[in-house]
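First up is the structure itself, then whatever we jot down about it.
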Amino acid sequence: MPDAKGTEGPDTVLVGVTGGIAAYKSCEIIRSMVKEGLDVHAVMTRNAQEFITPLTLQVLSGNPVWTETFHLTQEQEIGHISLVDRSSLFLIAPATANVLGKVAAGIADDLLTTMVCAATKIPVVFAPSMNVNMYQNPITQENIKRLKGLGYVFIEPEEGDLACGYQGVGRLADPQEIVEHVLSRLEPKDLQNERILVTAGPTEEAIDPVRFLTNPSSGKMGYAIARAAAQRGAQVTLISGPTACTPPLDVTLVRVRSAEEMRKAVMKAFPKSTTVIMAAAVSDFSPASRAKQKVKKQDASLTVKLKTTPDILFELGQKKQDRLLIGFAAETQSLVKNAKEKVEKKNLDLIVANDVSRKEIGFQSDSNQVKLIGPDGKVSELPFLPKRILAHRVLDQIEILRSRPGKKGRR
Ligand code: PMT
């Protein structure tokens, strides 16, 4: 199984589940982590097993679930130590007041707390969940303060309706946010000196107040790049046309509608960027004029006159200086020939060329297959990959491009 970048083995992550009603949310957390390509091993306290069964987590993680300190099979190779040693991160979600108290006091009286005690060389991340009064109890707060001071990481609980019927702080953070946090911690911060401007999604060119021209871009490709770049430590501005994609964590999102709006937003963010990646499917045409009122249906056919939109990437190519400029080419024929022409015309450092006539890649799909083409005309073909992994492959090119002779490093 590939890791997040599709290159080495997967990261092993331990997920500790303690006994609170939010234990059921660990199912979603584990399922998402496995989907992201992580090797997940669950550890459950006795109380957690009152809420969900080890079998559930075993099926979802695809690995045996750890429950007993003195289980002979599990302990053949002093499993609680060796598993911690080969893990990259230990997440405890949900973390009860009890487990926080035990870890803060150095108590290791069950398998989970023993493993946390042994986890001195990897990040240990707590996602607390409990009743508001228990959370605000000065003892709990002191324990959290102590643990934070010792380098333990916290994903703060949310405020809202609690399962116990109370209102207040104490609800487990959103499971997807927890997963994003974990993924982000696992990524090397190799792009932390980059300020990356990413565009994504389609544009909509209005004909009248209720009709517009657009294309099938879902935004998945651009959002995957923005998300991966943020996970790798880059400052990311994502300029997005209308999409249903979830905004990635730690990204400045600017929503636009038309090509003209996208151009304005890009030009505003461009001066501060070190790298631009244009994955958006910017409409090449827009109606020459926009009717103020809804155009009435007529029996005769309707002719809409179109004008070309500004070519944003071309404009950036004229003033890029030391910035890296990476474009996409969406083609239905002569993929390499057309992509090479775009590299030259738009003064790009790299183009990511995809054949959008293929249903299983390009627009809307979760995967893509692309060719990378530079100004020297060299073509390298990447395999069929999930867009989240392909995003990392595209980002890997940044360092390669920066190390080219004559290309200055980041400013
Ligand atoms: O969003 P998804 O559903 O995940 O689909 C992904 C994708 C197919 C949209 C993506 O992989 C892709 O190919 N994006 C580029 C689409 C496109 O507009 O290609 P193009 O060959 O028409 O344009 C070439 C480059 O110029 C692109 O980087 C484009 O952003 C840019 N451009 C185009 C027109 C224009 N007016 N201004 C531009 O800057």
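The values are calculated or read from the model by the stated rules, or taken from the named source; none is laboratory data. Small disclaimer: the values here were computed from a predicted structure and weren't measured. Positions of Cβ are generated from backbone atoms using ideal geometry, with glycine treated the same way; all protein chains shown enter the neighbour counts. Side chains included, ligands, DNA and RNA excluded: accessible areas come from the protein's heavy atoms. Shrake-Rupley method; radii C 1.70, N 1.55, O 1.52, S 1.80 Å.
Given the criterion under 23 Å from the mean Cα position of the chain (by Cα), part of a strand (DSSP E or B) and modelled with pLDDT of 95 or more, identify the matching residue among Val43, Val13. Can you show your working first?
Details: Val43 fails: under 23 Å from the mean Cα position of the chain (by Cα).
Exactly one of Val43, Val13 is under 23 Å from the mean Cα position of the chain (by Cα), part of a strand (DSSP E or B) and modelled with pLDDT of 95 or more, namely Val13.
How about segment 277-291: which of its residues are assigned to a strand (DSSP E or B) and either more than 6 Å from the ligand (Cβ to nearest atom) or surrounded by fewer than 14 Cβ atoms within 10 Å (Cβ to Cβ) (or both)? Don't jump to the end; show me each part of the working.
Of segment 277-291, the ones assigned to a strand (DSSP E or B) are 277-278, 281, 285-287.
If the condition is that a residue be assigned to a strand (DSSP E or B) and either more than 6 Å from the ligand (Cβ to nearest atom) or surrounded by fewer than 14 Cβ atoms within 10 Å (Cβ to Cβ) (or both), then Ile277, Phe285, Ser286, Pro287 are the ones that fit.
Any chance segment 298-318 includes a residue that's more than 23 Å from Ala226 (Cβ to Cβ), of a type in the set (Gly, Ala, Ser), surrounded by fewer than 14 Cβ atoms within 10 Å (Cβ to Cβ) and within 12 Å of the ligand (Cβ to nearest atom)? Write out each step before concluding.
Initially, segment 298-318 is screened for residues more than 23 Å from Ala226 (Cβ to Cβ), giving 298-308, 318.
Remaining after also requiring of a type in the set (Gly, Ala, Ser): 300-301.
Then drop every residue that is not surrounded by fewer than 14 Cβ atoms within 10 Å (Cβ to Cβ), which leaves 300-301.
Adding the requirement that they be within 12 Å of the ligand (Cβ to nearest atom) leaves none.
No, every residue in segment 298-318 fails to be more than 23 Å from Ala226 (Cβ to Cβ), of a type in the set (Gly, Ala, Ser), surrounded by fewer than 14 Cβ atoms within 10 Å (Cβ to Cβ) and within 12 Å of the ligand (Cβ to nearest atom).
Look through segment 164-215, keep the residues that are among the acidic types (Asp, Glu) and within 16 Å of the ligand (Cβ to nearest atom), and return whichever of them is nearest to Ser61 (Cα to Cα).
Going through segment 164-215, the residues among the acidic types (Asp, Glu) turn out to be 174, 177, 180, 187, 190, 194, 204-205, 208.
This time we only want the ones that are within 16 Å of the ligand (Cβ to nearest atom), so: 204-205.
Values: Glu204: 41, Glu205: 45 Å.
It comes out as Glu204.
Restricting the search to segment 353-364, which residues are in contact (Cβ under 8 Å) with a residue 40 or more places away in the chain and either surrounded by 17 or more Cβ atoms within 10 Å (Cβ to Cβ) or more than 12 Å from the ligand (Cβ to nearest atom) (or both)?
Step one: filter segment 353-364 for residues in contact (Cβ under 8 Å) with a residue 40 or more places away in the chain, giving 363-364.
Across segment 353-364, the qualifying residue is only Phe363.
Any idea which residue in segment 149-201 is farthest from the chain's Cα centre (by Cα), counting only those that are of a type in the set (Val, Ile, Thr) and open to solvent by 10 Å² or more (accessible area, probe 1.4 Å)? Let's see the steps before the verdict.
Of segment 149-201, the ones of a type in the set (Val, Ile, Thr) are 153, 155, 169, 178-179, 182, 196, 198-199.
Those left that are additionally open to solvent by 10 Å² or more (accessible area, probe 1.4 Å): 153, 155, 169.
Details: Val153: 20, Ile155: 17, Val169: 26 Å.
Top of the filtered list is Val169.
Answer with yes or no whether Ile107 is closer than 30 Å to Gly160 by Cβ and assigned to a loop (DSSP other than H, G, I, E, B).
Working: closer than 30 Å to Gly160 by Cβ: no; assigned to a loop (DSSP other than H, G, I, E, B): yes.
So Ile107 fails the test.
Given the criteria closer than 19 Å to Gly222 by Cα and touching a residue at least 60 places away in the same chain (Cβ under 8 Å), does Ile398 qualify? Talk me through it step by step, then tell me what you get.
Details: closer than 19 Å to Gly222 by Cα: yes; touching a residue at least 60 places away in the same chain (Cβ under 8 Å): yes.
So Ile398 passes the test.
Check segment 249-258 and report whether any residue there is within 12 Å of the ligand (Cβ to nearest atom) and either farther than 25 Å from Ile361 by Cα or crowded, with 16+ Cβ neighbours inside 10 Å (or both). Walk me through how you get there before you give the answer.
Within segment 249-258, the subset within 12 Å of the ligand (Cβ to nearest atom) is 258.
If we keep only those that are either farther than 25 Å from Ile361 by Cα or crowded, with 16+ Cβ neighbours inside 10 Å (or both) as well, we get 258.
There is at least one residue in segment 249-258 that is within 12 Å of the ligand (Cβ to nearest atom) and either farther than 25 Å from Ile361 by Cα or crowded, with 16+ Cβ neighbours inside 10 Å (or both).
Could you check, for segment 336-352, whether at least one of its residues is more than 8 Å from the ligand (Cβ to nearest atom) and in a strand (DSSP E or B)?
Within segment 336-352, one or more residues are more than 8 Å from the ligand (Cβ to nearest atom) and in a strand (DSSP E or B).
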